[in-house]
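**Q** Right, I'll just put the structure down here and ask away after.
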Amino acid sequence: MRLAFVLAEIGSGLRRNLSMVVSVILVTFVSLTFVGAAGMLQLQINQMKGYWYDKVQVAVFLCSDGSTAPGCASGPATPEQQANLRKLLQSPAVAQYVNDFQFESKDEAYKHFKEQFSNSPIVDSVTPDQLPASFRINLKDPEKYEVISENFSSQAGVESVIDQRQLLERLFSAMNAASLVAVSVAGVMIVCAILLIATTIRLSAFSRRRETGIMRLVGASKMVIQLPFILEGVIAAVIGAALASGTLWAVAHFFLGGVLSKQYPDTAFISPAQTLLLAPALIGLGVLLAGTSSLLTLRRYLRV
Amino acid sequence: MIRFENVTKVYDQNARPALDSINLEIDRGEFAFLVGASGSGKSTFLRLVLKEDRASSGAVYVAGQNVAKISSWRVPRLRRGIGVVFQDFRLLPQKTVFANVAFAMQVIGRSRSVIRETVPEVLKTVGLEGKENRLPHELSGGEQQRVAIARAVVNRPGILLADEPTGNLDPTTSMGIMGVLDKINQNGTTVVMATHDDDIVNEMRKRVVELRNGVVIRDEARALYTSMIPVVGQSRRLRDASGREPSDFGAANGEAQHAGEGKL
């Protein structure tokens, strides 16, 4: 009975205040979309880092079947060449710069590739043979990339030496800047949303002051009086958060999946399913925003 | 049922207190009129009983409990034991008579079956049988006040506070309302009614507590609206207290009218 009563009160409140409720929905929608966009950028950065990025700085790729580099004229790297490289890495001249290193075989390379490009059609057309084996080297000083490059580029069986950080760092810093901008915009919009929710609750409390006055007089509990107002704001915010989640999903599905992944097939993009991981966080944030701002407003404008 | 011990209420430090060291006890099942000019402290008295305000000093006991000691989350329970009726009815305009009365039960979580059983009973008590589905604007003022009374007593409170319940009604309708309040009082509910209506007070012959400037100046059983003290003395005292003679004239006029009616 009490639940049915509270639900009926919420329904009438939402109807009576429709335009304000719609504006709360839109403002939370926009602000949480920006929050979600920042989250998506971070997810994308993680995706692009792949398995090795945070562990090593330099990759020495060995010649494989399809290699066209001049050093690979004699075909794929032989086990002896591989052993020589390992010996060179352990020699005092190089070892003093190296923290540690790992060897990634073709099969391991294929496994990591499959993980990183799980959302991309490219994964089906690649076989372990096409992927080069590599030494992944963690330097004591990341700036000493040149030492490795000089020592290994000219070795037999080496296709290329790549400083991964240099390659991706600039892109990542741009993406980090973009997510910072998104978070700032989101911050402003969230302030906006909080104020708007407060105003809406105030208006709602004012338009129902007769009912709440009578509820007070006949001894309704604080919860029964306030809950409909709080839930009103929370429901609007949840709808906004759901819209924001849907928008992020659509961006991942249609823009990343449909357009960008076709233009840049060699880049790993996040999947639409991954963006849905953000949805609970966004909805939680929406509930938190609406709940706290309506509680604070009610404390001032609805005496119990 | 209601006991005031040395209660003082000050709204504004610079003005005189709204209530000044009031000592008063109203027993269970009693019917008491609270009379006095506007600003004499009648409404403050009622607000203190409801814990809408805190007394500046002194203690207010309702049903044996010191209201100052009731924590804020238990105030609703205090208010469930007190019904309130106002001059302006305060009905919800978009709800029917039945829904208005049922509202008071819904918000404290009574079950639907109890509501369906109790509301018609209470409407019968206040004389509104067959009008369950009317909207407030389809009723006369007297009928609207009956709905308000039904709402105030539907949860069977031990106390009914009425703040000028007949202030907006004509004399005949007012007497009808008094009949309803009397019936509720007969059923054991303590009734405290603040009023300006001398006809009613004179007709009912109940206890009268007269307030002036926050002080109880008269507390008589089975009394009249104006004191039995000779008129000459009283008018001088009125002038001394407030410099407002018209209230005295008003009272005197009212009594004359009432006497006329009695002859008719």
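**Q** Please go through segment A:1-58 and give me each residue that is in a loop (DSSP other than H, G, I, E, B) and within 14 Å of chain B (Cβ to nearest Cβ), ordered by number.
**A** Within segment A:1-58, A:Met1 is the sole residue that qualifies.
**Q** Among the residues in segment A:97-107, are any hydrophobic (A, V, I, L, M, F, W, C), modelled with pLDDT of 80 or more, under 29 Å from the mean Cα position of the chain (by Cα) and surrounded by 15 or more Cβ atoms within 10 Å (Cβ to Cβ)?
**A** Scanning segment A:97-107, I find no residue that is hydrophobic (A, V, I, L, M, F, W, C), modelled with pLDDT of 80 or more, under 29 Å from the mean Cα position of the chain (by Cα) and surrounded by 15 or more Cβ atoms within 10 Å (Cβ to Cβ), so the answer is no.
**Q** From A:Val185, A:Val224, grab the single residue that is within 26 Å of B:Gly109 (Cβ to Cβ) and either in contact with a Phe, Trp or Tyr (Cβ under 8 Å, 6 or more places away or on another chain) or more than 14 Å from chain B (Cβ to nearest Cβ) (or both).
**A** A:Val224
**Q** Applying the selection to segment A:54-68, what residues are surrounded by fewer than 18 Cβ atoms within 10 Å (Cβ to Cβ) and either under 19 Å from A:Val181 (Cβ atoms) or not charged (D, E, K, R) (or both)?
**A** A:Gly66, A:Thr68
**Q** Which members of segment B:148-178 meet the condition of being in a loop (DSSP other than H, G, I, E, B), away from chain A (no Cβ under 14 Å) and over 13 Å from the mean Cα position of the chain (by Cα)?
**A** Within segment B:148-178, B:Asn168, B:Leu169, B:Asp170 qualify.
**Q** Counting only residues that are of a type in the set (Gly, Ala, Ser) and under 23 Å from A:Cys192 (Cα atoms), which one in segment A:2-39 is surrounded by the most Cβ atoms within 10 Å (Cβ to Cβ)?
**A** Ranking the candidates gives A:Ser31 first.
**Q** Okay, next question. Every residue in segment B:182-199 that is touching a residue at least 60 places away in the same chain (Cβ under 8 Å) and not in a loop (DSSP other than H, G, I, E, B), please.
**A** Passing the criteria: B:Asp182, B:Asn185, B:Thr190, B:Val191, B:Val192, B:Met193, B:Ala194, B:Thr195, B:Asp198, B:Asp199.
**Q** In addition: Name the residue that is farthest from the other protein chains (Cβ to nearest Cβ), counting only residues in segment A:227-258 that are in contact with a Pro (Cβ under 7 Å, 6 or more places away or on another chain) and surrounded by fewer than 23 Cβ atoms within 10 Å (Cβ to Cβ).
**A** Residue satisfying both the conditions and the ranking: A:Gly257.
**Q** From the list B:Phe45, B:Phe33, B:Phe98, pick out the single residue that is assigned to a helix (DSSP H, G or I), surrounded by 21 or more Cβ atoms within 10 Å (Cβ to Cβ) and among the aromatic types (Phe, Trp, Tyr).
**A** Result: B:Phe45 is the single residue among B:Phe45, B:Phe33, B:Phe98 that is assigned to a helix (DSSP H, G or I), surrounded by 21 or more Cβ atoms within 10 Å (Cβ to Cβ) and among the aromatic types (Phe, Trp, Tyr).
**Q** Here's another thing I want to ask about it. Assuming A:Gly219 fulfils every condition listed in (1) within 14 Å of chain B (Cβ to nearest Cβ); (2) touching a Pro at 6+ places or on another chain (Cβ under 6 Å); (3) part of a helix (DSSP H, G or I); (4) of a type outside the set (S, T, N, Q) apart from one, which condition is it?
**A** (3)
**Q** Still on this structure: Which one of B:Asp163, B:Asp170 is in contact with a helix residue (DSSP H, G or I) (Cβ under 9 Å, 6 or more places away or on another chain) and surrounded by fewer than 16 Cβ atoms within 10 Å (Cβ to Cβ)? Step through it out loud before you land on a result.
**A** On the way: B:Asp163 fails: surrounded by fewer than 16 Cβ atoms within 10 Å (Cβ to Cβ).
The conditions single out B:Asp170.
**Q** When segment A:260-286 is examined, which residues are found to be assigned to a helix (DSSP H, G or I) and within 26 Å of A:Tyr53 (Cα to Cα)?
**A** Here is the first cut: in segment A:260-286, the ones assigned to a helix (DSSP H, G or I) are A:260-263, A:272-276, A:278-286.
Residues satisfying the conditions are A:Leu260, A:Ser261, A:Lys262, A:Gln263, A:Pro272, A:Ala273, A:Gln274, A:Thr275, A:Leu276, A:Leu278.
**Q** Tell me whether segment B:201-210 contains one or more residues that are at pLDDT 90 or above, surrounded by fewer than 17 Cβ atoms within 10 Å (Cβ to Cβ) and in contact with a Ser or Thr (Cβ under 7 Å, 6 or more places away or on another chain).
**A** Checked against the condition, which is being at pLDDT 90 or above, surrounded by fewer than 17 Cβ atoms within 10 Å (Cβ to Cβ) and in contact with a Ser or Thr (Cβ under 7 Å, 6 or more places away or on another chain), segment B:201-210 yields no hits at all.
**Q** Any idea which of A:Phe269, A:Phe255 is more than 13 Å from A:Ala198 (Cα to Cα), in the same structural domain as A:Ser19 (by TED's automatic domain parsing) and in contact (Cβ under 8 Å) with a residue 12 or more places away in the chain?
**A** Exactly one residue qualifies, and that residue is A:Phe269.
**Q** Do the conditions hold for B:Gln13, that is, is it at pLDDT below 95, under 15 Å from the mean Cα position of the chain (by Cα) and away from every other protein chain (no Cβ under 14 Å)?
**A** So B:Gln13 does not fit the description; no.
**Q** OK, next. Sort through B:Gln106, B:Gln94 and tell me the only one that's within 12 Å of chain A (Cβ to nearest Cβ), touching a residue at least 12 places away in the same chain (Cβ under 8 Å) and more than 21 Å from the chain's Cα centre (by Cα).
**A** Selected residue: B:Gln94, the only one of B:Gln106, B:Gln94 that is within 12 Å of chain A (Cβ to nearest Cβ), touching a residue at least 12 places away in the same chain (Cβ under 8 Å) and more than 21 Å from the chain's Cα centre (by Cα).
**Q** Then there is this: Of all residues in segment A:116-164, how many are among the aliphatic types (A, V, I, L, M) and over 24 Å from A:Gln82 (Cβ atoms)?
**A** 2
**Q** Then there's this: Restricting to segment B:111-148, name every residue that is in contact with a Gly (Cβ under 8 Å, 6 or more places away or on another chain) and of a type outside the set (Lys, Arg).
**A** Within segment B:111-148, B:Gly127, B:Gly142 qualify.
**Q** Given the options B:Ile70, B:Ile82, name the one that is among the aliphatic types (A, V, I, L, M), within 11 Å of chain A (Cβ to nearest Cβ) and within 22 Å of A:Leu302 (Cβ to Cβ).
**A** After applying the criteria, what remains is B:Ile82.
**Q** If you don't mind, there's one more thing I want to ask. So B:Leu128 ticks every box in (1) surrounded by 17 or more Cβ atoms within 10 Å (Cβ to Cβ); (2) closer than 24 Å to A:Arg216 by Cα; (3) more than 14 Å from every other protein chain (Cβ to nearest Cβ) but one. Which box is left unticked?
**A** The failed condition is (2).
**Q** While we're looking at this one, here's another question. All but one of (1) touching a residue at least 12 places away in the same chain (Cβ under 8 Å); (2) within 21 Å of the chain's Cα centre (by Cα); (3) within 12 Å of chain A (Cβ to nearest Cβ) hold for B:Glu52, so report the exception by its number.
**A** (1) is the only condition that B:Glu52 fails.
The values are calculated or read from the model by the stated rules, or taken from the named source; none is laboratory data. All values derive from a computational prediction rather than experimental measurement. Heads up, the Cβs are rebuilt from the backbone with ideal geometry, glycines too, and the neighbour counts pull from every protein chain shown.
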